[in-house]
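Encoded as structure tokens, the structure appears first; notes follow it.
The values are calculated or read from the model by the stated rules, or taken from the named source; none is laboratory data. The structure presented is a predicted model; accordingly, all values stated were derived computationally and were not measured. Here the Cβ positions follow ideal geometry from the backbone for every residue, glycine too, while neighbour counts run over all protein chains shown.
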Amino acid sequence: MNHRLELKNVSKSFGEVQALTKINFHLGRNEIVGLLGDNGAGKSTLIKIMTGYHQPSSGEILFNGKNIANLTVSKARQLGVETVYQERALAELQTLWRNIFLGRELKNQWGLLDVNRMKQETYRLMNQSMGFTSSAVNPNSHVGSFSGGERQGVAIVRALYFDAEIIILDEPTMGLSLKETAKLVNFVRGIKEAGKSAIFIDHNVIHVYNVADRIVVIDRGSIAGEFLTKDITLDTLMEKMIRVAESGKLE
């Protein structure tokens, strides 16, 4: 069965520095994979290769079983890859509906902005996907008034609305309170419910464990191990992560 995304023997070097070494990674359909590793482990470089920002020095990238040569940012987006960054790239001074459709505005038959339809769609998304039930929040609300978890939710819903097949969450819990993190985890579960796939990058094992189907551990530019969450307890996983940080090995 074809995976949504697969990396085969992918390596990346920057001059003398070997950032990634023979990475084999896959993301299945309707699967959430947690990507764990300390700062400097290679997570960012790996994501930049998946999203077309960097070209691998060697190895193959496959989408739905097809080999993609010279992956670019625009090509990755056409293939359905969307990234939700920890900075929550939203325009804080703009309204919710403008943020949802930023750069991809809906137009009417005369080529003019269809503001009413964008507001209606935003209202539908708020209630069905984002779980905003408060009457204080509406399509005209300014995103600057939203909490961190709500902003992450907006970014996830925007990606789903524009038919993302793979949503990459880059340290999405950074700076969030416990309550906000719980809300974010629900948004991430919504990705799976929508039949899509996600890569959840974090250095906090607990957040990832609670939502991922599979955990992939990266250390010093290599895959140190992978586990199905149903087959490993959180305590055992945390012990293994400490071992990796100390020695670079799982055992």
*Could you list all residues from the stretch 8-24 that are surrounded by fewer than 22 Cβ atoms within 10 Å (Cβ to Cβ) and within 22 Å of Gly80 (Cβ to Cβ)?*
Lys8, Asn24
*asked:* farther than 24 Å from Met238 by Cα, surrounded by 19 or more Cβ atoms within 10 Å (Cβ to Cβ), touching a strand residue (DSSP E or B) at 6+ places or on another chain (Cβ under 8 Å) and in contact (Cβ under 8 Å) with a residue 12 or more places away in the chain: is that true of Ala164 in this structure?
replied: yes
*Does Thr72 satisfy the criteria of being touching a residue at least 12 places away in the same chain (Cβ under 8 Å), farther than 28 Å from Leu184 by Cβ and surrounded by fewer than 20 Cβ atoms within 10 Å (Cβ to Cβ)?*
yes
_Every residue in the stretch 186-228 that is hydroxyl-bearing (Ser, Thr, Tyr) and either within 16 Å of Gly28 (Cβ to Cβ) or free of Cβ contacts under 8 Å to residues at least 40 places away in the same chain (or both), please._
Ser197
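Is it the case, given these coordinates, that Gly175 is in the same structural domain as Asp38 (by TED's automatic domain parsing) and crowded, with 18+ Cβ neighbours inside 10 Å?
no
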*Report yes if Ile223 is under 23 Å from Val154 (Cα atoms) and either assigned to a strand (DSSP E or B) or not assigned by TED's automatic domain parsing to the domain that holds Phe25 (or both), otherwise no.*
no
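Any idea which of Phe146, Phe101 is under 21 Å from the mean Cα position of the chain (by Cα) and more than 30 Å from Gly28 (Cα to Cα)? First the steps, then the outcome.
Numbers: Phe101 fails: more than 30 Å from Gly28 (Cα to Cα).
On inspection, the qualifying residue turns out to be Phe146.
Any residue that is β-branched (Val, Ile, Thr), at pLDDT below 90 and outside any strand (DSSP E or B) - is there at least one of those in the stretch 228-235?
no
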*Looking only at the stretch 149-191, count how many residues are within 14 Å of the chain's Cα centre (by Cα), under 21 Å from Leu96 (Cβ atoms) and among the hydrophobic types (A, V, I, L, M, F, W, C).*
13
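Starting from residues that are of a type in the set (Gly, Ala, Ser) and under 18 Å from Met126 (Cα atoms), keep the ones in the stretch 183-201 and report whichever is surrounded by the fewest Cβ atoms within 10 Å (Cβ to Cβ).
So the residue we want is Ala194.
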*asked:* Tell me yes or no: at least one residue of the stretch 136-147 is closer than 23 Å to Leu178 by Cβ, at pLDDT below 80, surrounded by 20 or more Cβ atoms within 10 Å (Cβ to Cβ) and not aromatic (Phe, Trp, Tyr).
replied: no
*Which of the following residues is touching a residue at least 60 places away in the same chain (Cβ under 8 Å), of a type in the set (Asp, Glu) and either in the same structural domain as Gln152 (by TED's automatic domain parsing) or over 21 Å from Ile167 (Cβ atoms) (or both): Glu92, Glu82?*
Glu82
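Being aromatic (Phe, Trp, Tyr), at pLDDT 90 or above, not in a loop (DSSP other than H, G, I, E, B) and not assigned by TED's automatic domain parsing to the domain that holds Thr122 is the requirement here; does Phe200 meet it?
yes
The rows are residues; the columns are (1) in contact with a Lys or Arg (Cβ under 8 Å, 6 or more places away or on another chain); (2) of a type in the set (Gly, Ala, Ser).
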{"position": "Thr21", "(1), (2)": "no, no"}
{"position": "Gly28", "(1), (2)": "yes, yes"}
{"position": "Gly37", "(1), (2)": "yes, yes"}
{"position": "Gln94", "(1), (2)": "no, no"}
{"position": "Trp97", "(1), (2)": "yes, no"}
{"position": "Glu105", "(1), (2)": "no, no"}
